[in-house]
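Colleague: Dropping a structure here in structure tokens format, bear with me for questions.
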Amino acid sequence: MIARLITDPARLPKAADPERAAVGRERWREAGASGGAATARFAREFAADESGTALLDAVFGNSPFLGQALLLEMDFARTLFAEGPDASFARLIAGLEGGGAEGASEADAMRALRTAKRRAALLIGLADIAGTWAVERVTGALSHFADACLGATIRHLLRRAAADGAFALKDERDPARGSGLIVLGMGKLGAFELNYSSDVDLIVLYDADRFGESERPFLQRNIVKLTHGLVRHLSERTADGYVFRTDLRLRPDPGSTPPAIPIAAAEVYYESLGQNWERAAFVKARAAAGDREAGDRFLAQLRPFVWRKYLDFAAIQDIHSIKRQVNAHHGGGEIAVNGHNVKLGRGGIREIELFAQTQQLIWGGRDARLRTPGTVAALQALAACGRIADEAATRLAEAYRYLRRVEHRLQMVADEQTHTLPESQAGLEAIARFLGYSGADEFAGALLGQLRAVERHYAELFEEAPALGGSGNLVFTGTDHDPETLATIARQGFSDPSGVSSIVRGWHHGRYRAMRSTRARELLTELTPALLAALAKTAQPATAFARFDEF
């Protein structure tokens, strides 16, 4: 039975906290004894098996979160070990996709999702810890589970909206089919690369032409209400936990648009005001839930925006500016271990993603083979098309898988959205053991080798790219203020760095007529550093900036 999950007990990590592992094993026996006869027998036999004991130690001695899930889901664990992770995961997804909870209340629907999330986290975590599933299988399973949760929630909300008279369902069995409601999965969700504690980045659109005359007077209000319901069902913390934090800020100009927008408005925005960082975001986009056929049609319509065949100098410069969210200088600087951010830090996951995406944007308009959302697949495609060296693709793919595994262990400890290694030596020692190393020194040596390899390839790719000018980051892409950019603006003498950043972002969104051409916004990327530097030299930088904005 245990062999379905644990093929090699020697690969299981040792307990970083043996005392906590011993307490966990005792609680396991108590939980088994309080269950039915079959559960009690399973718990005894599992704990008596050498491989079972090793797995219990690996879980209870390293991850309080998974340990608690294991105790709460004894019956599910019994089925998991009997069937194996693949069959159990298929059954879990089928339960979400079956549409059996048609008349469920909101509370019951939310509870069912959270129970399924706990079981998915336990299943995927155990398969990961045991080495049964590789990194791509882990991230793919997390993403497929998110799709299933989105789909189940959309179906539930559409049925409730139909019962309230807001919409007429086109298909009673599958309310999402033909509904005109589109949920695009972006970022890691779109690329099937979710991590254990990822946000799910979504864009919600609707095709107004798919709704009848009687539905149109209050259509936007009802769609927005449904979208808020989607976010609440997934994100709200209840006594049963939460499902996924949900982020809608990748939609067009999120500061001035509702959470769900019509397809026609989105098409106009991307045709006239879409920016290169948004093109990069759509490299990974796919229809994840809702009316998937309508979503696929929208993405096909957007293809000329994402994959431009001809790029002038300004456009290439602007694409290079995307990578400046992460500054890498060839051969310079130190890479830390304690407190290092394996996602955003030097040599981290973001550098590998930007390495692939910027090359895809430059060459993908003329070569459809490069239009793949997955990071490893993109690296392999770039090498196959002769755009990067085979050695670079192989080395970066290896580092990507390694760093994602480290990221997963960090998040698995307490179900926290973190990418940062512990500052303390004791904390680093614990993560090292969770990763299967004998101690922190062995882990540090392996980690540094991966980070330095990424830094070297990333810097080599962009060493000819012109700098933004000045010292420090000045990045105005994406949906969030870049902390290093705010620090740079503050050092220049501006009293309200976030206000300056927001205004510059407004320029990029074309809120002034002068910025409504693609070329103007691409040139703005190059001009902004010099402009801010000049305004910083005035007696009152904040006032000078405000006057320039008014002008």
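Colleague: Rounded if a/c is under 1.5, else prolate if a/b beats b/c, else oblate: with a ≥ b ≥ c from the C-alpha gyration tensor eigenvalues square-rooted, which is the chain? The partial results should precede the final answer.
Modeller: Details: a/c = 1.98, a/b = 1.27, b/c = 1.57.
Note, shape of the chain comes out oblate.
Colleague: Using only helices, what value at 222 nm comes out for the chain when you add -39,500 (n - 2.57) per DSSP H run of length 4 or more and divide by the total residues, to the nearest 500 deg cm²/dmol?
Modeller: Values: 23 runs with 320 residues, N = 551.
It lands at -18500 deg cm²/dmol.
Colleague: Using a Förster distance of 45 angstrom, determine the FRET efficiency expected from the C-beta separation of Asp480 and Glu26, and round it to 0.05.
Modeller: On the way: r = 44 Å, r/R0 = 0.99.
After rounding, the FRET efficiency stands at 0.50.
Colleague: Nearest-5 percent of antiparallel DSSP beta bridges in the chain? Walk me through the numbers on the way to the answer.
Modeller: Details: 12 of 17 bridges.
Of the beta bridges lying entirely in the chain, close to 70 percent run antiparallel.
Colleague: Let me ask something additional. Along the Cα→Cβ direction, 7 angstrom out, place labels at Arg366 and Thr420. What is the inter-label distance in nm?
Modeller: A separation of 4.4 nm, rounded to one decimal place.
Colleague: Now for a separate question. By how many nm would the segment from Glu136 to Tyr310 grow when fully extended, if each residue of separation counts as 0.36 nm and the alpha-carbon distance is taken off? The partial results should precede the final answer.
Modeller: Numbers: separation 174, 0.36 × 174 = 62.64 nm, distance 3.33 nm.
Length difference between fully extended and current span is 59.3 nm.
Colleague: Shifting gears a bit: Which residues among region 474-497 fall inside the zone where the amide N is under 18 Å from a point 7 Å beyond the Cα of Glu550, along Cα→Cβ?
Modeller: Hits in region 474-497 for Glu550 at 18 Å: 495-496.
Colleague: Using 23 Å as the Cα-Cα cut-off, could you pick out the over-long pairs in Lys117/Lys170; Lys225/Lys343; Lys117/Lys188?
Modeller: Numbers: Lys117/Lys170 29 Å; Lys225/Lys343 34 Å; Lys117/Lys188 18 Å.
Beyond 23 Å between Cα atoms: Lys117/Lys170; Lys225/Lys343.
Colleague: How far is it, in nm, from the label point at Glu19 to the one at Arg210 when both lie 7 Å from their Cα along the line to the Cβ?
Modeller: 5.7
Colleague: OK, next. Under a point spin-label approximation (7 Å from Cα along Cα-to-Cβ), what is the Thr115-Ala37 distance to one decimal in nm?
Modeller: 2.5
Colleague: Ignoring any ligand, DNA or RNA, what whole percent of the accessible area of the chain comes from carbon and sulfur when the probe is 1.4 angstrom? Walk me through the numbers before you get to the answer.
Modeller: Working: 12000 of 23240 Å².
That fraction is 52 percent.
Colleague: Rank-order 155-166, 508-519 by packing density, defined as the average count of other C-beta atoms within 10 Å over each peptide's residues, highest first.
Modeller: On the way: 155-166: 18.5, 508-519: 14.7.
Result, highest mean first: 155-166, 508-519.
Colleague: To the nearest 0.05, how large is the calculated FRET efficiency for Arg511 and Glu442 if R₀ is 51 Å and r is the Cβ-Cβ distance?
Modeller: Working: r = 53 Å, r/R0 = 1.04.
Taking R0 as 51 Å, the efficiency between Arg511 and Glu442 is 0.45.
Colleague: May I ask for the angle, rounded to the nearest 10°, between helix 390-414 and the longest principal axis of the chain, with both axes built from Cα atoms and the value confined to 0 to 90°?
Modeller: Here the helix axis deviates by roughly 60 degrees.
Colleague: A follow-up question, please. Skip the ligands, DNA and RNA, and give the accessible area per residue of the chain with a 1.4 Å probe, whole Å². Intermediate results must be reported in sequence, preceding the final value.
Modeller: Details: 23240 Å² over 551 residues.
Per residue, the chain has 42 Å² of solvent-accessible surface.
Colleague: To continue, here is another question. Mind putting together the pair-distance distribution for region 123-169? All Cα pairs, 5 Å bins, whole percent per bin, short to long.
Modeller: 5, 21, 16, 13, 11, 9, 8, 8, 6, 3
Colleague: Multiply the residue separation of Arg519 and Asp296 by 0.36 nm, subtract the distance between their alpha-carbon atoms, and state the gained length in nm to one decimal.
Modeller: Roughly 77.4 nm would be gained on extension.
Colleague: Net charge near Gly131, counting Lys/Arg +1 and Asp/Glu -1 over other residues with Cβ under 12 Å of its Cβ?
Modeller: Numbers: positive: Arg11, Arg137, Arg405; negative: Asp8, Asp128.
Once all neighbours under 12 Å are counted, the net charge is +1.
Colleague: May I ask for the angle, rounded to the nearest 10°, between helix 263-272 and the longest principal axis of the chain, with both axes built from Cα atoms and the value confined to 0 to 90°?
Modeller: With rounding to tens, the tilt is 50 degrees.
Colleague: Relative to the longest principal axis of the C-alpha atoms of the chain, give the angle of the C-alpha long axis of helix 18-33, reported between 0 and 90° and rounded to the nearest 10°.
Modeller: The answer is roughly 60 degrees.
Colleague: Place the peptides 520-532, 292-304 in order of packing, highest mean first, counting for every residue the other Cβ atoms within 10 Å and averaging per peptide. Present the calculation step by step, with values, prior to reporting the outcome.
Modeller: Values: 520-532: 17.7, 292-304: 15.9.
My ranking of the peptides, most packed first, is 520-532, 292-304.
The values are calculated or read from the model by the stated rules, or taken from the named source; none is laboratory data. All of these numbers come straight from a predicted model, not from anything done at the bench. We place every Cβ from the backbone using ideal geometry, glycine too, and count neighbours over all the protein chains shown. Side chains included, ligands, DNA and RNA excluded: accessible areas come from the protein's heavy atoms. Shrake-Rupley method; radii C 1.70, N 1.55, O 1.52, S 1.80 Å.
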